[in-house]
Amino acid sequence: ERHGARFDIEGLENVSALEAPVVFVSNHMSTTESMVLPALIRPHRPVTFVVKESLTRGRLFGPIMRSRDPVVVTRKDPRRDMVTVLEEGAKRLAAGISVVIFPEGTRTRDGEVGRFRSGAVRLASVTGVGVVPVGLRGTGELFGKGRRFPDLPSPARVPLGLRIGEPVMVSADDDPAQV
């Protein structure tokens with residue numbers, strides 16, 4: 001808020017109505033959603049992320065990420081990463097912990113939604129949990145202004161949107177882009 005960012009949040013009632021863990025599937029534009037989503041979800045249920053390994057090693061965010069017991073992928077071997085997501089994600093879900101996955105695999109600051117990988121849909125289908133779609137708008141414009149620390153907020157006043165959908169049951173045959 002200090003930087004003029006204001007969120008228009010819709011669908012928070014869909015999180016509070018959850019009776020079981022789910023897989024949250026969100027587009028990924030900046031560091032903002034990595035901070036905002038847990039703040040919105042955690043008051044209602046435990047939550048963690050699927051994250052790239054390097055995020056668990058950083059001096060600033062590493063300890064925070066590790067404290068969330070994330071599902072850690074290397075991004076070097078897609079097949080091994082899929083096994084990790086399915087095995088470790090299933091453990092978190094069985095323990096009652098929801099999992100946030102950014103199926104684009106990386107940030108898309110321009111607002112264009114990238115190709116969704118199938119891991120989130122596969123995890124939900126093999127564990128029998130719902131998928132909760134999350135759509136973000138504008139967060140890529142809020143970040144990326146700095147040179148040394150590119151993810152620190154800019155002072156720009158940017159309208160930000162976040163919409164949380166209702167849980168959807170999926171099968172392994174579903175197209176991730178259509179869920």
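The values are calculated or read from the model by the stated rules, or taken from the named source; none is laboratory data. Only a predicted model underlies this, so the values are computations on that prediction, with no experimental measurement involved. Quick reminder, even Gly has a Cβ in these numbers, built from the backbone with ideal geometry, and neighbours come from all protein chains shown. Surface areas here come from the heavy atoms of the whole protein model, side chains and all, with no ligands, DNA or RNA. Shrake-Rupley method; radii C 1.70, N 1.55, O 1.52, S 1.80 Å.
Return yes or no: is PHE61 aromatic (Phe, Trp, Tyr) and closer than 21 Å to GLY135 by Cβ? If you could, list the steps in order and put the result at the bottom.
Details: aromatic (Phe, Trp, Tyr): yes; closer than 21 Å to GLY135 by Cβ: no.
Considered against the rule, which asks whether it is aromatic (Phe, Trp, Tyr) and closer than 21 Å to GLY135 by Cβ, PHE61 comes out as no.
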task: Evaluate the following for VAL170: is it open to solvent by less than 90 Å² (accessible area, probe 1.4 Å) and at pLDDT 90 or above?
output: no
message: Contact list please: Cβ distance under 8 Å, first residue in the stretch 65-89 and in contact (Cβ under 8 Å) with a residue 40 or more places away in the chain and farther than 19 Å from ARG45 by Cβ, second residue open to solvent by less than 50 Å² (accessible area, probe 1.4 Å) and in a helix (DSSP H, G or I), pairs at least six apart or on different chains.
response: MET82/GLY119; LEU86/GLY119; LEU86/LEU123
- prompt: Quick one: THR106 ticks every box in (1) over 24 Å from GLU13 (Cα atoms); (2) at pLDDT 90 or above bar one, so which box is it?
  reply: (2)
